[in-house]
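What follows is a short report on a single structure.
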Amino acid sequence: LGHIKRLTKPIDVKKAGERIAVPVVQERLESPEFQKLWNRIRHRTEYRVEVDETDLRAAMVDALRTMLPVPKRRGEWLTHRVRRIDQSGLTAEAAAARRTDVTYADSEDLPDILSVLADRTQLTRATLAHVLTESGTLAQFRNNPQAYIDQVGRLLNITKEQFLVEGVRYELVDASRPEADRRYPISLFHEADLAGYTGPGGNIITDADGNPVSFEDKSVYRYLIIDSAPEKEFALALLQRPEVKTFVKLPPSFEIPTPLGNYNPDWALTVERTDGSRYIVFETKDVNELALLRPAEQKKIASARKHFAAVTRDAGIDDLEYEVVNGIETATAVMERDA
């Protein structure tokens, strides 16, 4: 995804100035350029997940077998040497530390591990019992119940989420369903009722004099609310590019369902090319490798790819793309590459 040298600096709305509403530009919303873009991205999908339980159990067993050992609970005695006692209080330094095995009062009062893990992972007790037994790690539970449950629960969720994403299958909502179930309504742009702040710490893009920058020549919103300085640079670059005919920062209500929760893409735009217009949905991230994103973000992005692939496949669209970029340079590469 290219290379960046800057760090993201979030917008600090606490230091912002005037709060202003962000109106919809009706003329832009009704323009042919935006209507063509909207007709491609407005399709809703639904997903189903196909997971082989035997494979899932085996992967979970492997994950637990390779986890770091859970340390035993031990008592620790610290010896401090007093250096000074004065009006400011006592000043001391650690002189020695000693750890030893102790018997805790709750050593025999262990929690119901299957119930706790079933609540944390949404796995069945039968699956959990099989995985814990086959992993050979259950003896560590008695050594440190809380640490064992925390570590095991986290690994099981990571493995389960990976299987969910790999097994997810998207398809367009069936044509027999109501229109509101099948397509996002264009009214969501009005319903978003956006507002932001101007000023040095505001989240609305402003010029050098602190005045809101107008995006109405290309965007369905007159002003743009952004989350970071890189997003500001990205939006201003889109405004300046003659090949970008229209674009929008998608409102929060434009959500794609995924097994890990709903996902809201960042941008959608129309690009004019000599070989025909292209329609692109961009997710902007300030990393140079997808692997640097949080696991949940990676999995939502993977699910979004499958959503848009289903839209292009089932709706017969061949000029819609979805890409993750880290700035305008990598976005430009996407816009200029061959279809």
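The values are calculated or read from the model by the stated rules, or taken from the named source; none is laboratory data. Small disclaimer: the values here were computed from a predicted structure and weren't measured. As a convention, Cβ positions derive from the backbone with ideal geometry for all residues, glycine included, and neighbour counts pool all protein chains shown. Ligands, DNA and RNA are excluded from the accessible area calculation, which covers all protein heavy atoms including side chains. Shrake-Rupley method; radii C 1.70, N 1.55, O 1.52, S 1.80 Å.
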**Report entry** Heavy atoms of Arg241: accessible area, 1.4 Å probe, square angstrom to 10
**Finding:** 70
Requested in this report: Mind giving me the FRET efficiency for Glu53 and Glu336? R0 is 56 Å, r the Cβ-Cβ distance, nearest 0.05 is fine.
Outcome: 0.75
Query raised in the report: Given labels modelled 7 Å from the Cα in the Cβ direction, how far is it in nm from Asp86 to Leu110?
Result: 5.4
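If the chain between His130 and Asn157 were fully stretched, how many nm would it gain, using 0.36 nm times the residue separation less the Cα-Cα distance?
Value of the extension gain: 8.1 nm.
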Query raised in the report: How many angstrom lie between the C-alpha centres of the stretch 147-211 and the stretch 253-317?
Result: 11
Requested in this report: Tally up the carbon and sulfur contribution to the accessible surface of the stretch 146-248 as a whole percent, 1.4 Å probe, everything protein left in place.
Outcome: 47
Report summary line: Surpassing 28 Å at the alpha-carbon level, of the pairs Lys36/Lys232; Lys72/Lys300; Lys232/Lys300; Lys72/Lys299, are Lys72/Lys300; Lys72/Lys299
Report summary line: Cα-based Rg/(2.2 N^0.38 Å) for the stretch 212-331, rounded to two decimals, is 1.07
Query raised in the report: Tally Lys/Arg at +1 and Asp/Glu at -1 over every other residue whose Cβ is under 12 Å from the Cβ of Pro251; what's the total?
Result: -3
Report summary line: So Ser187 and Asp217, fully extended at 0.36 nm per residue minus their Cα-Cα distance, gain in nm 8.8 nm
Query raised in the report: Rounded, prolate or oblate: which one fits the stretch 193-272, using the alpha carbon gyration tensor with axes a ≥ b ≥ c (rounded when a/c is under 1.5, else prolate when a/b beats b/c, else oblate)?
Result: oblate
Report task. Once you have the Cα-Cα distance between Thr66 and Ala147, take 0.36 nm times their residue separation minus that, and quote the gain in nm to one decimal. Result -> 27.6 nm
Report task. Go ahead and estimate [θ] at 222 nm for the chain from helices alone: -39,500 (n - 2.57) per DSSP H run with n ≥ 4, summed, over the residue count, rounded to 500. Result -> -11000 deg cm²/dmol
Report task. In nm, give the distance between the simple-model label positions of Ile317 and Thr274, each being 7 Å from the Cα along the Cα-to-Cβ direction. Result -> 2.7
Requested in this report: Under 1.5 on a/c is rounded, so check that first for the chain, then, if it is not, pick prolate when a/b is larger than b/c and oblate when it is not; a ≥ b ≥ c are the square roots of the alpha carbon gyration tensor eigenvalues.
Outcome: oblate
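Using only the heavy atoms of the protein chains and a 1.4 Å probe, how would His43, His307, His190 rank by accessible area, largest first?
Greatest to least solvent exposure: His190, His43, His307.
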Report task. Heads up, I need the accessible area for Ile328: 1.4 angstrom probe, whole protein in place, Å², nearest 10. Result -> 40
